[in-house]
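To start, the structure under review is shown below, and the notes come after it.
Just so it is clear, none of the values below were taken in a lab; they were calculated from the coordinates. What you see is a predicted model; the values in this text were computed from it and never measured. Because the Cβ atoms are built from the backbone with ideal geometry, glycine has one as well, and the counts that use them run over all protein chains shown.
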Amino acid sequence: MTMKQIRHHLNDALLIGYSAGTLPEAFNLVVATHVSLCDECRARMHSFDAVGGAIVEGTQVAELDEGSLAATLALIADTAWQAPVMEHPAQPGLFPAPLRDYVGGDIDAVKWRRVGGGVSQAVLQTAGKSTVRLLRIPGGVAVPDHGHKGMELTLVLQGAFRDESDRFAAGDVEVADDAMVHTPVAEPGEDCICLAATDSPLRFKGLLPRVAQSIMRI
Amino acid sequence: MLQSRPKGDALRAPPPYSGAVRRQSFPRGAVSVNEQDSAKRAEWTAQLEAVRDRQDQQAFAELFRHFAPRVKAFLMKSGASASFAEECTQEVMATLWRKAHLFDGTKASVSTWIFTIARNRRIDMIRKDRRAEPEDLPWGPEASPEQADVMALAQDTERLGQALATLPEKQRKLIERAYFGELSHSEIAAETGLPLGTIKSRIRLALDRLRHAMT
């Protein structure tokens, strides 16, 4: 995917969690997908990795077992040398590599299920309590009323949505905590495709999503 | 770097090595501590490149003697037993050899890169789930890094380490705990006060150049 004008970025806490390796798998996927689209956050991610490097460098040393180096060299000798390859190469299409790996293909490989009001979702398989899903919201339609505890992280892949706080277009990520009550509405036009992770299983409460005209200012 | 080589030929026996003598050969007092550290860091980059480009075992042994004890300590502080940390450290260092071709000194110093390998190993051992990684940036012969950029980033990383060391104790401990995996993402405060300005700008510049070279 080409670089887009991204206005909404990941916060430091998420990037440190990603760098430290403590984020739940569902959030890792959203972070890695956003970073694939956003050089600003990629640079910040590498900076937080550098903090990890400085911590390893500055740590007290542990004593190695005798013959540790020889054992490591034996380990290396056991595996055939391989030609350099990219591990997560870019491919044409809508989905960046990490998301494509989870879906098993690009947008046309997604197994959508309807959740009402023309909105569809596809839950992606991840370990742990946190969940991550793709959402497809037709232009002008609101995301169905959904309860979530904890944090919700929403990355726009196509189209755009607006909520009480701002407008979010392709590449933008919205970080919402449980205190935030928001009603995202897809902008008129093409379907809005989002990748959304939540701390706890997300359940749609009803089959009738609120439509654009009925947004309440809360 | 891309040509194949006969399997295992360079690995039959570890080279003779005298770490203690070598380590003492750094001219203590001849240069300031900062300059000495920078020189050492630049040296790690050179050694990793020697592993990457020539499968240089001597260079690998030097990297091993510096980093393996630190990786082991990092894994133990992250909750691994000494014997498990030892096993994982050997795997981390073997991964360093195998993946040396992926090292890019304009985006990470050697210590940073080793940290990411150790962290991924820790995720593998503690949790069984997958870890999504960002898409690779396009690379090729055009994108071969400028040595000046590599040096500059190594120096930035050095300064970051110094800045980290001088943070107030409470703040520094909190950051360390986050990296040892002791804090959940909701416990990590958004405002860390980490001085990342210079290093972030430099990495950003390297990414911009890479994008530019590819279009």
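Pairs B:K72/B:K107; B:K77/B:K107; B:K99/B:K170: which are spaced more than 32 Å apart, C-alpha to C-alpha? Pairs exceeding the cut-off: B:K99/B:K170. Each stretch of four or more DSSP H residues adds -39500 (n - 2.57); spread over every residue of chain A, this sum gives -8500 deg cm²/dmol at 222 nm. Applying 1/(1 + (r/R0)^6) with R0 = 45 Å to the Cβ-Cβ distance of A:E66 and B:D124 gives a FRET efficiency near 0.95. Principal axis extents of the C-alpha atoms in the range A:93-162 (largest first, rounded to whole Å): 29, 28, 21. Report, to the nearest 10°, how far helix A:68-77 tilts away from the longest principal axis of the Cα atoms in chain A, using its own Cα long axis and a range of 0 to 90°. The answer is roughly 70 degrees.
Local charge for A:L15 was computed over the other residues whose Cβ lies under 12 Å away, with Lys and Arg +1 and Asp and Glu -1, and equals 0. Please give me the summed charge of the neighbours of B:C88: other residues whose Cβ is under 10 Å from its Cβ, Lys and Arg +1, Asp and Glu -1. Within the 10 Å Cβ shell, the charges total -1. Other residues within the sphere of radius under 11 Å centred on the Cβ of A:T154, judged by their own Cβ, net out at -3 (K and R +1, D and E -1).
Here the relative contact order of chain A, from alpha carbon pairs under 8 Å that lie six or more residues apart, stands at 24 percent. What stretch of chain A, leaving out the sites themselves, is the longest with no GluC sites (Glu not before Pro) in a DSSP loop having at most 12 other Cβ atoms within 10 Å? After excluding every exposed loop site, the longest remaining stretch is A:88-189. Of all the options A:V110, A:V31, A:V173, the one that moves most in a Gaussian network model of chain A with Cα springs shorter than 10 angstrom is A:V110.
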